[in-house]
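Right, one structure below, let's go through it.
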Amino acid sequence: RDDHKKIKGNFGGAVGMKVGKANKDECDIYIKLRKEYMADTNKREKINLTKTDSEIKKEFLTPVNNKNNNIYSIEYNGEVIGYINFNLFKNNGKKTLYINDIFISKNFRGKGHGKLSMEWIIDFSKNKKCNRIGLGAGAKNKRAQKMYEKIGFKIVGVNYGMDLKWKN
């Protein structure tokens with residue numbers, strides 16, 4: 001696709017990667033990869049993150065149909081293999097990019113795609129004159145934590161969560 005920027009670099013066979021704004025035609029791919037990501041997260045973190053296909057579709061199409069679309073697809077050799085979803089905002093006067101989600105298809109993990117995607121987001125943030133990048137990682141997602149720390153991220157806090165149960 002013409003709107004995807006080719007990523008330069010050669011990490012674990014990840015040559016041929018591109019990142020660009022996601023479009024509405026990718027909705028089915030997004031749903032498939034998002035469900036795969038949620039299943040892996042649930043298994044690893046021992047939680048019960050669930051969303052229906054229609055909830056995931058809305059999660060995807062709402063920003064995609066907005067001019068401030070901040071969902072980007074990650075392609076490898078012409079195939080969409082993952083997504084980056086982020087927000088840009090000011091926090092204490094500093095322009096910040098916060099990564100809501102970054103996920104790569106199971107079949108492409110451990111091959112440098114996540115690292116290259118993070119390098120892309122760092123360059124993107126610099127081009128947008130951001131002062132800071134933030135993100136969260138699952139407590140048991142040691143592979144991602146190791147990668148984030150290796151490329152320069154530091155632990156700056158701890159997030160907590162709680163599932164609530166209520167009756168309609």
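The values are calculated or read from the model by the stated rules, or taken from the named source; none is laboratory data. Note that the coordinates shown come from a computational prediction; the quantities given were computed from them, not determined experimentally. Heads up, the Cβs are rebuilt from the backbone with ideal geometry, glycines too, and the neighbour counts pull from every protein chain shown. These accessible areas exclude ligands, DNA and RNA; they are computed on the full protein's heavy atoms, side chains included. Shrake-Rupley method; radii C 1.70, N 1.55, O 1.52, S 1.80 Å.
Label-to-label distance, residue 43 versus residue 123, with points set 7 angstrom from Cα along the beta-carbon direction: 3.3 nm. Charge dipole (Cα centre; +1 on Lys/Arg Cβ, -1 on Asp/Glu Cβ; no other charges) of the chain amounts to roughly 620 debye. Overall shape: oblate for the range 124-168, with the ratio a/c of the largest to smallest alpha carbon gyration tensor axis at 1.5 or above and b/c at least equal to a/b.
Shown for the range 76-144: the carbon plus sulfur share of the solvent-accessible area, taken with all protein chains present and a 1.4 angstrom probe, equals 43%.
Sorting the segments 27-33, 53-59 by their mean number of nearby beta carbons within 10 angstrom, highest to lowest, gives 27-33, 53-59.
Annotation for the range 129-168: chymotrypsin sites (Phe, Trp or Tyr not before Pro) lying in DSSP loop with at most 12 further Cβ atoms inside 10 Å of their Cβ are 160, 166. Summary of the geometry: the range 111-127 and the range 30-69, compared by the centres of their Cα atoms, lie 21 Å apart. Positive contributions from Lys and Arg (+1) and negative ones from Asp and Glu (-1), summed over other residues with Cβ under 12 Å from the Cβ of residue 140, come out at +3.
The range 53-168 gives an Rg/Rh value of 0.98, both radii derived from C-alpha positions and Rh following Kirkwood.
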